[in-house]
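Q: Once you've had a glance at the structure underneath, I'll fire off some questions.
The values are calculated or read from the model by the stated rules, or taken from the named source; none is laboratory data. Just so it is clear, the structure is predicted and the values come from calculations on it, not from any experiment. Cβ: placed from backbone, ideal geometry, glycine included. Neighbour counts: every protein chain shown. What goes into the accessible areas is simple: the full protein's heavy atoms, side chains included, and nothing from ligands, DNA or RNA. Shrake-Rupley method; radii C 1.70, N 1.55, O 1.52, S 1.80 Å.
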Amino acid sequence: MSFFKRVMTGVAAAALALTATFTAAQAQTNKVDEIRARGVLRIAGILNEDPYFNKDPRTGEWRGFVVEMGKDMAAVLGVNLEVVESSWANSILDVQSGKVDLAFALTALPTRALSVSFSSPTYYNSFTIISPKPELGGLSWAELNDPKYTIAVDLGSAQDQITKAYLPKANILRFKTRDEAILAVQTGKADAIINTVFNSMVMTKKNAGIGAVYVPTPILSSPSVIGINYDTDEVWKSFVSAWADFNRRVGNNQTWILMGLEPFGITLEDLPAGFDING
């Protein structure tokens with residue numbers, strides 16, 4: 001083969017390789033275009049999870065501050081919002097499988113980061129105890145870490161992870177559901193239940209008998225993030241984080257959270273001392 005032919009053969013091979021690379025890049029899903037073509041942004045929604053989500057069984061309409069966040073993001077994209085019924089555990093699986101585009105209000109646990117990509121924080125949440133015993137109100141996590149205290153928690157939740165990290169010596173009662181954990185406090189089987197601030201505030205409004213909300217020290221403030229499929233493109237991931245950063249910094253996320261708490265008569269002033277939505 002002549003030198004010229006060898007050069008031309010190499011050029012042709014390089015062109016074919018470049019074409020294949022370009023075609024593969026084009027084939028990669030552009031999430032924004034996909035959502036706009038579909039006309040809806042799909043987010044995971046959890047039943048009976050005020051103030052985050054709730055679904056009216058008569059109308060099928062969803063409410064809650066996460067729903068308001070989803071509506072705003074959908075409006076920015078120029079599409080409608082679709083809330084897909086899920087659960088806290090299944091919402092991550094739904095993101096992985098492509099059933100939904102996003103899962104809001106996830107606690108940024110390292111183990112979850114193995115399954116989905118996280119956005120920038122939308123807001124910050126703190127772990128609290130709810131107890132009918134005022135003497136527990138002034139205790140630190142270190143002081144609660146004692147076998148004489150019985151703490152109820154829902155199994156496998158973010159708050160369950162807190163008990164493993166901060167309360168290994170306490171007597172922990174783990175239940176399949178939050179309602180069972182609440183009942184343990186109501187019936188005196190447990191001294192307190194652990195949850196996050198917004199859930200705790202609504203729980204005490206619905207059932208004053210379980211006690212008051214306290215924020216033990218040091219304050220365990222955890223970012224609440226949006227779960228994104230790892231395989232989606234960087235433009236989509238960047239957009240979701242930019243949306244979260246912007247709305248947190250200008251105060252929109254706090255406004256939507258307070259709107260979600262308003263039906264329960266909870267205002268910013270009612271939130272426990274030491275807690276800051278913006279971290």
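Q: Run lengths n ≥ 4 of DSSP H only: what is the helix-derived mean residue ellipticity at 222 nm for the chain, with -39500 (n - 2.57) per run over all residues, to the nearest 500? Each step should come with its number before you reach the end.
A: Working: 10 runs with 114 residues, N = 279.
Calculated at 222 nm, the ellipticity per residue is -12500 deg cm²/dmol.
Q: Ok, one more. To the nearest 20 Debye, how big is the dipole of the chain about its Cα centre, given +1 on the beta carbon of each Lys and Arg and -1 on that of each Asp and Glu?
A: Values: 25 positive and 28 negative charges, 146 e Å.
Here the chain has a charge dipole of around 700 debye.
Q: Okay, moving on. Among the lysines, which fall within straight-line cross-link reach of Lys169, defined as a Cα-Cα distance under 29 Å, with same-chain neighbours fewer than 8 residues apart omitted?
A: Partners found: Lys133, Lys148, Lys189.
Q: What percent do you get for the relative contact order of the chain when only Cα pairs under 8 Å and 6+ apart count? Please list the in-between numbers first.
A: Working: 476 pairs, mean separation 68.5, N = 279.
Relative contact order for the chain comes out at 25 percent.
Q: Related question: Give me the extension gain from Glu262 to Thr150: residue separation times 0.36 nm, minus the current Cα-Cα distance, reported in nm with one decimal. Please report the intermediate quantities before stating the final value.
A: Values: separation 112, 0.36 × 112 = 40.32 nm, distance 3.20 nm.
Additional length available on full extension: 37.1 nm.
Q: In nm, to one decimal, how far is the Asp231 label point from the Asn252 one, both placed 7 Å along Cα→Cβ?
A: Between Asp231 and Asn252, the label points sit 3.0 nm apart.
Q: Counting other Cβ atoms within 10 Å, keep those with at most 15, restrict to DSSP loop, and tell me which trypsin sites (Lys or Arg not before Pro) in segment 57-105 are left.
A: Arg58, Lys99
Q: Taking H as built 1.01 Å from N, whose amide H comes closer than 5 Å to the amide H of Asn30, not counting residues under 5 places away?
A: Close amide H contacts, sequence-distant or interchain: none at all.
Q: At a 10 angstrom cut-off on C-beta neighbours, averaged per residue, how do the peptides 72-85, 195-208 rank from highest to lowest?
A: 195-208, 72-85
Q: Using Cα positions and a limit of under 14 Å, work out the aspartates and glutamates in reach of Lys176, with same-chain residues fewer than 8 apart set aside.
A: Straight-distance partners of Lys176: Asp154, Asp160.
Q: Let me ask something else about it. At what distance in nm do the modelled label points of Val40 and Ala165 sit from each other, each positioned 7 Å from its Cα along Cα→Cβ?
A: 3.6 nm
Q: Sticking with this one: How large a share of the accessible area of the chain, in percent, is made up of carbon and sulfur atoms when the probe is 1.4 Å and the other protein chains stay in place? Don't jump to the answer; show the numbers that get you there.
A: Numbers: 7580 of 13650 Å².
Taking all protein chains in place, the chain shows 56 percent carbon and sulfur surface.
Q: Under a Cβ-only charge scheme (Lys and Arg +1, Asp and Glu -1), can you give me the dipole magnitude of segment 174-248 about the Cα centre, in debye to the nearest 20?
A: On the way: 8 positive and 7 negative charges, 89 e Å.
Using Cβ point charges on Lys, Arg, Asp and Glu, segment 174-248 gives about 420 debye.
Q: Using 0.36 nm times the number of residues separating Asp56 and Thr187, minus their current alpha carbon distance, what extension gain do you get?
A: 44.2 nm
Q: Which aspartates and glutamates have a Cα lying under 17 Å from the Cα of Lys31, excluding residues fewer than 8 positions away in the same chain?
A: Answer for Lys31, where 17 Å is the Cα cut-off: Glu82, Asp94, Asp101, Asp231, Asp233, Glu234, listed by chain and number.
Q: Related question: Would you mind computing, in nm to one decimal, how far apart the modelled labels at Gln96 and Asp33 are, each placed 7 Å from Cα along Cα→Cβ?
A: 2.8 nm
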